[in-house]
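The values are calculated or read from the model by the stated rules, or taken from the named source; none is laboratory data. Since this is a predicted model, take the numbers as computed values, not measurements. As a convention, Cβ positions derive from the backbone with ideal geometry for all residues, glycine included, and neighbour counts pool all protein chains shown. Surface areas here come from the heavy atoms of the whole protein model, side chains and all, with no ligands, DNA or RNA. Shrake-Rupley method; radii C 1.70, N 1.55, O 1.52, S 1.80 Å.
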Amino acid sequence: ETFDADPVVGATLERSGAGARVRARRGLTPALVEAVSDADLIDAFESGSGPLRIAGTTLDPLLRDWGDRHAGALGAGGYEVAVPLGANGGLIGVVLVSRSGSLRPGRYTHEDVLLLEMVGRQAGSTLLASRLAADLSATREMESLLRVSSFVVHDLKNSLSGLSLMV
């Protein structure tokens, strides 16, 4: 609502070598999944400082080839800005934003892009905290299972020792 944006779509990414794999997505078509996981976009985010303009004549120079490859998918949604979701200097997701509302027609201003950058950082930090909490929970579950299984194995060994002595 703040940006009068519609549609807003995005994905969280999992880095794998030079590229990335989409871990979760919201509103992305298969063509947009390919666009947000493209190595050129990820490289541009890592060499840039924030959101990148991805619309026609305002396309960021870092994305010329990327824009040509994915023009159809981007044009279909009218996406204007790609916002990195980052935390601790790493890229963990991407949001594509389109302005199609009637309240503020036209391109995003410099101030809009700066606010989108801050929103992307905050969202990235929140997503990272959520991932870390899930990982911690899974680790604790495994630790609990290990404790229970060690008790069971100990009891089995005791029973086996008793049977072994009887034999």
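Here is how the numbers come out for the structure above:
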quantity	calculated
Simple Cβ-charge dipole of the range 1-85, Lys/Arg +1 and Asp/Glu -1, about Cα centre, in debye nearest 20	280 debye
Most fluctuating residue given options Asp155, Asp112, Asp43, as computed from a GNM of the chain linking Cα atoms under 10 Å	Asp155
Share of carbon and sulfur in the accessible heavy-atom surface of the range 13-167 [1.4 Å probe, %]	59 percent
Most mobile of Gly50, Gly89, Gly124 in a GNM of the chain (Cα contacts under 10 Å)	Gly89
Heavy-atom accessible area per residue - the range 116-167, 1.4 Å, Å²	83 Å²
Computed helical MRE - 222 nm, the chain, DSSP H runs ≥ 4 contributing -39500 (n - 2.57), nearest 500	-17500 deg cm²/dmol
Karplus-derived 3J(HN,Hα), 6.51/-1.76/1.60, for each residue of the range 110-126, Hz, glycine and proline x	4, 5, 4, 5, 5, 5, 4, 4, 5, 4, x, 5, 5, 5, x, 5, 5
Cut-off 11 Å between beta-carbons: net charge of the residues surrounding Pro51, Lys and Arg +1, Asp and Glu -1	-2
Long-range HN-HN contacts of Arg23 with modeled amide H, under 5 Å	Thr12, Leu13, Glu14
Dipole in debye (nearest 20) - the chain, about Cα centre, beta carbon charges: Lys, Arg +1; Asp, Glu -1	420 debye
Listed residues Val9, Gly77, Thr58: farthest to the positive end of the dipole of the chain (Cβ charges)	Val9
Nonlocal amide H pairs with Asp38, under 5 Å, H built at 1.01 Å	none
Relative pair counts by distance (%), Cα atoms of the range 44-94, 10 Å bins	26, 53, 20, 1
Residues whose placed amide H lies under 5 Å from that of Leu85, excluding near-sequence neighbours	Ile92, Gly93, Val94, Val95
Cα lying deepest toward the dipole's positive end in the chain, options Ala134, Ala87, Leu163, charges on Cβ	Leu163
Choice from Leu156, Leu74, Leu63 showing the highest fluctuation, given a GNM over the chain with Cα pairs closer than 10 Å	Leu156
Karplus-derived 3J(HN,Hα), 6.51/-1.76/1.60, for each residue of the range 22-38, Hz, glycine and proline x	6, 8, 8, 9, 9, x, 8, 7, x, 5, 6, 4, 5, 5, 6, 9, 5
Options (1) -0.73, -1.22; (2) -0.58, -1.20; (3) -0.59, -1.32 - which one matches log10 I(q)/I(0) by the Debye sum over Cα atoms at q = 0.12, 0.19 Å⁻¹ as calculated here	(2)
Cβ-defined net charge surrounding Leu62, 9 Å radius [Lys, Arg +1; Asp, Glu -1]	-2
Tail fraction, Cα-Cα pairs, the range 1-94, threshold 19 Å, whole percent	35 percent
